[in-house]
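Engineer: One structure, pasted below without further comment.
The values are calculated or read from the model by the stated rules, or taken from the named source; none is laboratory data. Computed from a prediction, not measured in an experiment: that's the story for all the values here. Positions of Cβ are backbone-derived with ideal geometry, glycine not excepted, and every protein chain shown enters the neighbour counts.
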Amino acid sequence: MTRPVFRFAPSPNGALHLGHALSAILNADMAQRTGGRFLLRIEDIDITRCTPELEAAIYEDLRWLGLQWEEPVRRQSEHFADYDDVLKKLIRAELVYPAFMSRSDIRAYISEAGDHGKSWPRDPDGVPHYPPVDRRLSGRERRRRIDAGVPFAWRLDVDAAIARVGQSLGWTEFADETLAGSSTIAARPQDWGDIIIARKEVPTSYHLAVVLDDAIQAVTHVVRGRDLYHATAVQRLLQELLGLPEPSYYHHRLMLGDDGRKLSKSSRDTGLHELRENGATGEDVRRLVGLG
């Protein structure tokens, strides 16, 4: 029987905090409990914000928590060729298109639509859907703009992708941390509109990289925060389009600050490094995240 495979996949663009500790410990504990494997993946496609120093700090924090993982660690920045191959496959299948509108262009388009009494759809994160303007451009006009050096990103034509899959999508979601019960969740990738799949300078996005990495690493169980629950719909669509295996999912509770918002790197919430510097232990962190 195939051993379960779990992974913790942080981005080295800031210090780890208690929310990351909860996710990492859960994955490691579940792997141990099920006789499975625990992998660490470094998601560093954001080459402008991710640094070697922050990556080294991740290893230090996780070792302090007492976690061990299989080597070698997969670093996304070393595998851009893998993502580029998949991107080219989607381009050939005419499932993605170059999107040229800037943020100001998008705001102006939506504002004009609002002036005509139209409400504009937003994705589960509250971001307005990308307007359909570029999806309607001719191939000649797209090539003219690309040759002229107009900045663009590759976006997934979600309607075309759903039509290509030709079936309703869903995923298996475990009910709790014991993985004892599960249910089938209906996926609605259309709620996200035409998402970015890759940028001109980086041949991937989070969504594309994560589904390919999970397949390459044979991940069977994706255990991550509730903030990524709705994103699973897009990733299930990509898995079906690319013929990739479907993992099972468990989206765990989030660690919240005193003000009720989820912890984040950008707001400098209490980090694992600070806890360690103040004399806390790995067992203290387990208790703080409710796993003591």
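Engineer: Quick one: what pairs do we get from segment 167-195, first residue on the phi > 0 side of the Ramachandran plot, second polar (S, T, N, Q) and surrounded by fewer than 16 Cβ atoms within 10 Å (Cβ to Cβ), C-beta under 8 Å, 6+ apart or different chains?
Structural biologist: Within 8 Å, the pairs are 179/34.
Engineer: If a residue counts only when it is more than 24 Å from residue 63 (Cα to Cα), which helices (runs of 4 or more DSSP H) contained entirely in segment 182-292 have at least 1 such residues? Write out each step before concluding.
Structural biologist: Working: elements: 206-216, 232-242, 272-277, 282-288.
Per the criteria, 206-216, 232-242.
Engineer: Would you check if there is a residue in segment 232-241 being under 15 Å from the mean Cα position of the chain (by Cα) and β-branched (Val, Ile, Thr)? Break it down into steps so the answer makes sense when it comes.
Structural biologist: Quick first cut of segment 232-241, residues under 15 Å from the mean Cα position of the chain (by Cα) only: 232-239.
When the remaining residues are screened for being β-branched (Val, Ile, Thr), the result is 232, 234.
The answer is yes, given that some residue of segment 232-241 is under 15 Å from the mean Cα position of the chain (by Cα) and β-branched (Val, Ile, Thr).
Engineer: Touching a residue at least 40 places away in the same chain (Cβ under 8 Å), more than 21 Å from residue 242 (Cβ to Cβ), surrounded by fewer than 17 Cβ atoms within 10 Å (Cβ to Cβ) and within 28 Å of the chain's Cα centre (by Cα) - does that describe any residue in segment 152-161? Walk me through it before giving the result.
Structural biologist: First, the residues of segment 152-161 that are touching a residue at least 40 places away in the same chain (Cβ under 8 Å): 152-158, 160-161.
Of the ones still in play, those that are also more than 21 Å from residue 242 (Cβ to Cβ) are 152.
Then keep just the ones that are surrounded by fewer than 17 Cβ atoms within 10 Å (Cβ to Cβ); that gives none.
Looking through segment 152-161, none of the residues is touching a residue at least 40 places away in the same chain (Cβ under 8 Å), more than 21 Å from residue 242 (Cβ to Cβ), surrounded by fewer than 17 Cβ atoms within 10 Å (Cβ to Cβ) and within 28 Å of the chain's Cα centre (by Cα).
Engineer: Please specify each residue of segment 149-181 satisfying the condition of being among the acidic types (Asp, Glu) and not in a loop (DSSP other than H, G, I, E, B).
Structural biologist: Looking only at segment 149-181, we keep the residues that are among the acidic types (Asp, Glu), and these are 157, 159, 173, 176-177.
Hits for segment 149-181 are 159, 173.
Engineer: Also, I was wondering about something else. Within segment 162-205, which residues are exposed (fewer than 14 other Cβ atoms within 10 Å of the Cβ), within 30 Å of residue 29 (Cα to Cα) and of a type in the set (A, V, I, L, M)?
Structural biologist: The initial filter retains those residues of segment 162-205 that are exposed (fewer than 14 other Cβ atoms within 10 Å of the Cβ), namely 163, 166-168, 175-176, 178, 180-181, 183-184, 186, 200-201.
Next cut, within 30 Å of residue 29 (Cα to Cα) only: 175-176, 178, 180-181, 183-184, 186.
Within segment 162-205, 175, 180, 186 meet the criteria.
Engineer: Another question, then. Is at least one residue of segment 57-68 hydroxyl-bearing (Ser, Thr, Tyr) and in contact with a Ser or Thr (Cβ under 7 Å, 6 or more places away or on another chain)?
Structural biologist: Pass one, segment 57-68, residues hydroxyl-bearing (Ser, Thr, Tyr): 59.
Next, from what is left, pick out any that are in contact with a Ser or Thr (Cβ under 7 Å, 6 or more places away or on another chain): none.
No, the conditions are met nowhere in segment 57-68.
Engineer: Now for a different question. Being crowded, with 19+ Cβ neighbours inside 10 Å and more than 18 Å from residue 179 (Cα to Cα) narrows it down to one of 256, 272, 242, so name that one. It would help to see each step written out before you state the result.
Structural biologist: Numbers: 256 fails: crowded, with 19+ Cβ neighbours inside 10 Å; 242 fails: crowded, with 19+ Cβ neighbours inside 10 Å.
The conditions single out 272.
Engineer: Kindly indicate whether residue 108 is in contact (Cβ under 8 Å) with a residue 40 or more places away in the chain and part of a helix (DSSP H, G or I).
Structural biologist: Numbers: in contact (Cβ under 8 Å) with a residue 40 or more places away in the chain: no; part of a helix (DSSP H, G or I): yes.
Judged against the criteria, residue 108 is not a match.
Engineer: Same structure, new question: Can you go through 62, 40 and tell me which one is surrounded by 16 or more Cβ atoms within 10 Å (Cβ to Cβ) and over 17 Å from residue 218 (Cβ atoms)? Reasoning before the result, please.
Structural biologist: On the way: 40 fails: over 17 Å from residue 218 (Cβ atoms).
Criteria check complete, one pass: 62.
Engineer: Conditions first: (1) surrounded by fewer than 21 Cβ atoms within 10 Å (Cβ to Cβ); (2) under 18 Å from residue 153 (Cβ atoms); (3) aliphatic (A, V, I, L, M). Residue 45 passes all but one, so which condition is the exception?
Structural biologist: Result: residue 45 fails condition (1) only.
Engineer: Right, next: Name the residue, out of 179, 228, 242, that is at pLDDT 95 or above and either of a type in the set (Ser, Thr, Tyr) or in contact with a strand residue (DSSP E or B) (Cβ under 9 Å, 6 or more places away or on another chain) (or both).
Structural biologist: Details: 179 fails: at pLDDT 95 or above; 242 fails: either of a type in the set (Ser, Thr, Tyr) or in contact with a strand residue (DSSP E or B) (Cβ under 9 Å, 6 or more places away or on another chain) (or both).
One residue alone meets the criteria, 228.
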